[in-house]
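K.L.:
Take this structure, written in structure tokens, and hold onto it; I'll ask about it next.
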């Protein structure tokens, strides 16, 4: 967002626009990003108007600094501004010497901004020192902002005729009556980062990525691992701008692991139930509000339900496949031949898997065996090879090697 605002102001300067309007509705943000934004406003060589809108919006915490940094500042009815005391990432007070340093630095910054823009310095300091917050009418009365504007037309009318000093010292008189606004959107990269910061998108990426990495470990194929790693990296980028709860993240990961373990451990569904419980609890607690004024950041409940149902369907399908495979192997014991005796009775039908020339392999009695054509005694004898897929009949056995001959009655294999 800091980059978006900086680029927008620079573009307005290049294009010779009459002014830039920044519409604000925010609970706050990081000190570093806030500093970049208000520096862009203070040094802009085009008039910048900050506007807290629409009705019900707020310029809280860092939003207070940004609003005051505009050449002109207006608020829509039923909006508020203030509560700019610094807090840590979890919304708690910053204690000790560090807390004093951060608070004093913030007081100095907002004092400088208010002095530069000719606003009420005492009120500005109180928003940091005592977390004072004011509605639009009070903010106008104490001289924190320039006036009330419920629409862009009202904003343009109120700003027209006002003199402002640009970053280069030039004094400009605004004439915005009848001006045509043009909205500057995010560029492709900024839009992509903004998309990643959506709490639901970050959650989906992390879940899909975790599944991909687990499947890569269970069945190495590079594709699922690469996709999973990329998804998790993108999720972490999104988490960086969200109030992430690490405990919730660990619960989501544990839930996925338990669901996948159901495929390898016979728990009669207990692992799946535990996995679903962990997944739901972790998803519900994945984000925490960074401060009392912050918006509700959470994973949508319909999305949680969708992901749980998808995981359960996957688990049921995979478990069913594993059960069928286990039954098949119990009916056809590997390595022991028909009847589990290690012997294949003469007359058993088979199919060539590796061409017999004269040795190779055949599939008979439910498994694959080494085989040799009857009437040959050494691999070097030059006889026509029996091709893959041809039908043969077992006529004898030497150890684990079957002795076979072509099944004339079956004809060529399909």
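K.L.:
Looking at this structure, is residue 256 in contact (Cβ under 8 Å) with a residue 12 or more places away in the chain and out of contact with any strand residue (DSSP E or B) (no Cβ under 7 Å at 6 or more places or on another chain)?
P.N.:
yes
K.L.:
Within segment 313-367, count every residue that is within 30 Å of residue 271 (Cβ to Cβ), modelled with pLDDT of 70 or more and in contact with a helix residue (DSSP H, G or I) (Cβ under 7 Å, 6 or more places away or on another chain).
P.N.:
1
K.L.:
Also, I was wondering about something else. Does residue 310 qualify as being part of a helix (DSSP H, G or I), surrounded by 14 or more Cβ atoms within 10 Å (Cβ to Cβ) and modelled with pLDDT under 85?
P.N.:
no
Residue-wise test of (1) farther than 22 Å from residue 301 by Cβ; (2) in the same structural domain as residue 284 (by TED's automatic domain parsing); (3) part of a helix (DSSP H, G or I); (4) touching a residue at least 24 places away in the same chain (Cβ under 8 Å).
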residue: 203; (1), (2), (3), (4): no, no, yes, yes
residue: 210; (1), (2), (3), (4): no, no, yes, yes
residue: 214; (1), (2), (3), (4): yes, no, yes, yes
residue: 217; (1), (2), (3), (4): yes, no, yes, no
residue: 224; (1), (2), (3), (4): yes, no, yes, no
residue: 229; (1), (2), (3), (4): yes, no, yes, no
residue: 232; (1), (2), (3), (4): yes, no, yes, yes
residue: 248; (1), (2), (3), (4): no, yes, yes, yes
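K.L.:
Restricting to segment 54-74, name every residue that is under 29 Å from the mean Cα position of the chain (by Cα) and assigned to a strand (DSSP E or B).
P.N.:
Those that are under 29 Å from the mean Cα position of the chain (by Cα) and assigned to a strand (DSSP E or B): 58, 59, 60.
K.L.:
Which residues, taken from segment 243-252, are under 15 Å from residue 211 (Cα atoms) and within 14 Å of the chain's Cα centre (by Cα)?
P.N.:
Once the filter is applied, which keeps residues that are under 15 Å from residue 211 (Cα atoms) and within 14 Å of the chain's Cα centre (by Cα), segment 243-252 yields 249, 252.
K.L.:
Of the residues that sit in segment 374-395 and are in a strand (DSSP E or B) and modelled with pLDDT of 90 or more, which one is farthest from residue 343 (Cα to Cα)?
P.N.:
My answer is 391.
K.L.:
Which of the residues spanning segment 8-43 are closer than 28 Å to residue 178 by Cα, part of a helix (DSSP H, G or I) and out of contact with any helix residue (DSSP H, G or I) (no Cβ under 8 Å at 6 or more places or on another chain)?
P.N.:
8, 10, 11, 12, 13, 14, 15
K.L.:
May I ask you to say which residue of 198, 105 is without any contact (Cβ under 8 Å) to a residue 24 or more places away in the chain and under 41 Å from the mean Cα position of the chain (by Cα)?
P.N.:
After ruling out the rest, the residue left standing is 105.
K.L.:
Test each condition in (1) in contact with a strand residue (DSSP E or B) (Cβ under 8 Å, 6 or more places away or on another chain); (2) in a loop (DSSP other than H, G, I, E, B); (3) modelled with pLDDT under 95 for residue 77 and report the one that comes out false.
P.N.:
In the conditions (1) in contact with a strand residue (DSSP E or B) (Cβ under 8 Å, 6 or more places away or on another chain); (2) in a loop (DSSP other than H, G, I, E, B); (3) modelled with pLDDT under 95, residue 77 misses (3) alone.
K.L.:
Report yes if residue 240 is within 36 Å of the chain's Cα centre (by Cα) and within 29 Å of residue 10 (Cβ to Cβ), otherwise no.
P.N.:
Yes: the conditions hold for residue 240.
K.L.:
Now for a different question. Going by what's in this entry, would residue 243 be described as touching a strand residue (DSSP E or B) at 6+ places or on another chain (Cβ under 7 Å) and modelled with pLDDT under 85?
P.N.:
Yes; evaluated as a whole, the condition is true for this residue.
K.L.:
Just checking: which of the helices (runs of 4 or more DSSP H) contained wholly in segment 95-201 hold 3 or more residues that are surrounded by 14 or more Cβ atoms within 10 Å (Cβ to Cβ) and at pLDDT 90 or above?
P.N.:
96-117, 121-129, 136-141, 152-159
K.L.:
Right, here's the next one. Does segment 35-55 contain any residue that is without any contact (Cβ under 8 Å) to a residue 12 or more places away in the chain, surrounded by fewer than 20 Cβ atoms within 10 Å (Cβ to Cβ) and closer than 23 Å to residue 240 by Cβ?
P.N.:
Within segment 35-55, one or more residues are without any contact (Cβ under 8 Å) to a residue 12 or more places away in the chain, surrounded by fewer than 20 Cβ atoms within 10 Å (Cβ to Cβ) and closer than 23 Å to residue 240 by Cβ.
The values are calculated or read from the model by the stated rules, or taken from the named source; none is laboratory data. Only a predicted model underlies this, so the values are computations on that prediction, with no experimental measurement involved. A quick note on method: Cβ atoms are made from the backbone with ideal geometry, for glycine too, and the neighbour counts reach across all protein chains shown.
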